[in-house]
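One structure is given below, encoded as structure tokens.
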Amino acid sequence: MGDKELKKYLQQSLQQRAELEEKLDRNGIRLTETINLCTEMMQEQKLAQKSQEEPRTGFVQYLSDIFRFEGISIFGLQALVLFIVCLKISAIADIPQYIPVFMPLFVLAVMPVMFRCQYYGMSEIEAVTRASASQIVLAKLVLAGAANLVCMTVLISLEVHLQDSYREIGRMILYCLVPYLVCMVSMLRLIRMRRKENIQIGTLLMLASCVCWGVLARTLPWLYEASAFGIWIAAFLFFAFFFIKEIYFIIATRREGKLYGIIN
């Protein structure tokens, strides 16, 4: 190869290298501009989403919404059961030990609302809603507890009026609370198991509980005497512990955003 040819070859190589470097520089500038443009667009989208984001619904507001949708069912069924129980209590006013027989009926009246989602197979939809299943159960429990408290107050007031005496009011309160707590703990346990047939199991359990308390009233009359007051207090503390523990578990799962129970 001659000197002229070598010189020409070197000039072409240098020219090609310069063109390649210039092209890479232009592409690098364009790539940087593209990255910056995408970053700006993402930031604008985030700001737009924040401005359009709805404020989270507080528990009080959610409780109000549940009351509008489920309030009639909860309080209506409780009022019906209270009316029936008051008729029965009026006929046996001198036998306060039969009060526990009727307490499971108030829990039974709450079950259609508590198990409605499972009955219609809506557990999966409930699980992905903005309000967790734990919050839904907790809101229904608050409304049911308020209705039950009103019913118990009316029932005890009626019993005191019929007996015309306040001497046994403490025992009558325990006669209401102990069976109620037993049934509520059982119902919450069934809800956590998340099986559709738990509705039937819960119904049978509440009715069996009524029969059981009736049998105790007939076969163990000493259990309802003043000397057995300590047994009722111990039973109340025992089941109240498990009920409070279950409520705390529901609140904890709500804060963690977890599902209360499992999906069928």
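Quick note: the coordinates plus some simple rules give every number you see, no bench work behind them. Nothing here was measured: the structure is a model prediction, and the numbers come from that model. Cβ: placed from backbone, ideal geometry, glycine included. Neighbour counts: every protein chain shown.
Some notes on this structure:
- Fully extended contour minus Cα-Cα distance, from MET42 to CYS86, at 0.36 nm per residue: 9.3 nm
- Global geometry of the stretch 187-253, whether rounded, prolate or oblate, following the gyration tensor of its Cα atoms and the 1.5 cut on a/c: oblate
- Per-residue Karplus couplings for the stretch 222-233, computed as 6.51 cos²θ - 1.76 cosθ + 1.60 with θ equal to phi - 60°, are listed in order as 5, 5, 10, 8, 4, 5, 9, 4, x, 5, 5, 5 Hz, Gly and Pro entered as x.
- Amide proton proximity set for GLU168, modelled H, under 5 Å, gap of 5+: none
- Residue-wise HN-Hα coupling along the stretch 179-188, computed from phi with Karplus coefficients 6.51, -1.76, 1.60 (Hz; x: Gly, Pro): x, 4, 5, 4, 6, 5, 4, 5, 5, 5
- Other residues with beta-carbon under 14 Å from the beta-carbon of VAL185 carry, at +1 per Lys or Arg and -1 per Asp or Glu, a net charge of +2.
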